[in-house]
Amino acid sequence: MRKQQLPERGTTMRRLEASKTYRILESGPIVMVCTNDGARSNIMTMGFHMMVQHAPPLIGCVVGPWDHSFTALRATGECVLAVPGADLARTVVDVGNCSGAEVDKFEHFGLATSKAAKVKAPLLSDCLYNIECVVHDDTLVDKYQLFILEAVAAWSNDSRKERRFLHHHGDGTFTADGERFDLRDRMTLWKQFQVDL
Amino acid sequence: MDHTKYAFIIKAPGYRRNTHKAHMKSPAFDAKFIGVEDFDEALAAIEDLAGAGTQVVELCGGFSAQEATKLRRRFPDCEIGRVTYP
């Protein structure tokens with residue numbers, strides 16, 4: 001597998017309120033999931049997720065026993081959801097097409113990491129956003145592999161020039177964010193949720 | 001392996017696991033019913049139950065999904081369920 005070098009290193013993260021997580025995830029970007037089982041960290045690509053609740057901020061996501069990260073997520077109850085920009089598309093696909101059981105993906109793909117504030121899993125420094133999560137409810141894991149995560153901290157990397165999210169259409173096909181429409185003046189019912197990131 | 005050692009835990013004000021308990025035993029099945037005051041007492045009760053070989057623990061609807069999740073993570077070798085309503 002080809003080793004890739006990611007651009008724009010040495011950046012700093014800006015802390016966000018975890019309650020703003022919905023502004024990052026509601027549009028359904030592809031995310032990368034970082035875990036740490038106590039011995040080493042791992043990362044996987046994940047597209048099956050959705051916001052579930054504003055307060056506390058809850059996120060539903062599917063991680064199954066077929067994923068090497070499943071065991072660490074189940075055992076530790078912690079992970080980081082990192083949202084890459086469109087410039088990391090190839091890395092996103094390659095990370096999702098190999099197993100942490102066979103390769104140290106951080107080393108193999110040259111992924112820069114930072115220390116998280118509230119969980120042991122690392123942040124991905126080159127992503128646009130990182131959301132630290134703890135497992136809030138695992139009731140539906142056995143039945144649907146559906147974890148309900150609670151966002152406990154969030155970070156923005158404002159130095160990234162590429163700000164477009166990636167959206168997976170299945171089977172390795174993606175689009176990047178297109179034109180954004182600002183219709184906040186028409187949002188009369190939900191003023192309390194009009195927050196800037 | 002058949003599940004033959006079972007417990008049900010009820011969380012309610014004033015319950016104490018040392019006094020509010022029942023034991024129903026047959027040659028083929030062993031069921032314990034335990035009342036606890038709060039989550040911490042439930043944790044202590046399940047530690048004892050797991051140590052005694054209890055395979056299945058069901059929590060009453062007074063436990064939150066988050067509490068059940070914490071208990072499942074704490075006792076991975078024990079099947080822990082929770083009563084819910086649609």
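The values are calculated or read from the model by the stated rules, or taken from the named source; none is laboratory data. Just so it is clear, the structure is predicted and the values come from calculations on it, not from any experiment. With ideal geometry, Cβ positions are generated from the backbone for all residues, glycine too; neighbour counts draw on all protein chains shown. SASA here: full protein model, heavy atoms, side chains in, ligands and nucleic acids out. Shrake-Rupley method; radii C 1.70, N 1.55, O 1.52, S 1.80 Å.
Within the range A:166-189, one or more residues are in contact with a Gly (Cβ under 9 Å, 6 or more places away or on another chain), part of a strand (DSSP E or B) and surrounded by 18 or more Cβ atoms within 10 Å (Cβ to Cβ). Take the conditions (1) within 14 Å of chain B (Cβ to nearest Cβ); (2) surrounded by 23 or more Cβ atoms within 10 Å (Cβ to Cβ); (3) of a type in the set (S, T, N, Q); A:Thr71 misses just one of them, which is (2). Which members of the range A:121-137 meet the condition of being open to solvent by 10 Å² or more (accessible area, probe 1.4 Å) and within 14 Å of chain B (Cβ to nearest Cβ)? A:Val134, A:Val135, A:His136, A:Asp137, listed by residue number. Checked against the criterion of being touching a strand residue (DSSP E or B) at 6+ places or on another chain (Cβ under 6 Å) and surrounded by fewer than 17 Cβ atoms within 10 Å (Cβ to Cβ), the candidates A:Val33, A:Val83, A:Val62, A:Val93 yield just one match: A:Val62. Kindly indicate whether B:Gly14 is at positive phi and modelled with pLDDT of 95 or more. Yes; evaluated as a whole, the condition is true for this residue. Being open to solvent by 10 Å² or more (accessible area, probe 1.4 Å) and in a helix (DSSP H, G or I) is the filter here; which residues of the range B:68-86 pass it? Within the range B:68-86, B:Lys70, B:Arg72, B:Arg73, B:Arg74 qualify.
Restricted to the range A:138-163, and to residues there that are part of a strand (DSSP E or B) and either without any contact (Cβ under 8 Å) to a residue 40 or more places away in the chain or within 10 Å of chain B (Cβ to nearest Cβ) (or both), the residue that is nearest to A:Leu73 (Cα to Cα) is A:Phe147. Of the residues making up the range A:143-159, those that are open to solvent by 10 Å² or more (accessible area, probe 1.4 Å), farther than 18 Å from A:Ala117 by Cα and in contact with an Asp or Glu (Cβ under 8 Å, 6 or more places away or on another chain) number 2. Listed by first and then second residue, the pairs with beta-carbon distance under 7 Å, at least 6 apart or on different chains, first residue in the range A:86-97 and within 16 Å of A:Gly110 (Cβ to Cβ) and touching a residue at least 40 places away in the same chain (Cβ under 8 Å), second in a helix (DSSP H, G or I) and not hydroxyl-bearing (Ser, Thr, Tyr), are A:Val95/A:Lys105. Among the residues of the range B:43-63, is any without any contact (Cβ under 8 Å) to a residue 40 or more places away in the chain, buried (at least 17 other Cβ atoms within 10 Å of the Cβ), touching a Phe, Trp or Tyr at 6+ places or on another chain (Cβ under 9 Å) and not hydrophobic (A, V, I, L, M, F, W, C)? For the range B:43-63, residues without any contact (Cβ under 8 Å) to a residue 40 or more places away in the chain, buried (at least 17 other Cβ atoms within 10 Å of the Cβ), touching a Phe, Trp or Tyr at 6+ places or on another chain (Cβ under 9 Å) and not hydrophobic (A, V, I, L, M, F, W, C): absent.
Look at the range A:54-105 and say how many of its residues are assigned to a helix (DSSP H, G or I) and among the acidic types (Asp, Glu). Residues in the range A:54-105 being assigned to a helix (DSSP H, G or I) and among the acidic types (Asp, Glu): 2 in total.
Number of residues in the range B:35-86 that are closer than 18 Å to A:Val141 by Cβ and of a type in the set (Gly, Ala, Ser): the value is 4.
The test for being touching an Asp or Glu at 6+ places or on another chain (Cβ under 9 Å) and surrounded by 15 or more Cβ atoms within 10 Å (Cβ to Cβ) holds for B:Arg17.
For the range B:45-62, the condition of being within 14 Å of another protein chain (Cβ to nearest Cβ), among the charged types (D, E, K, R) and either over 30 Å from A:Phe147 (Cβ atoms) or within 12 Å of the chain's Cα centre (by Cα) (or both) holds for at least one residue.
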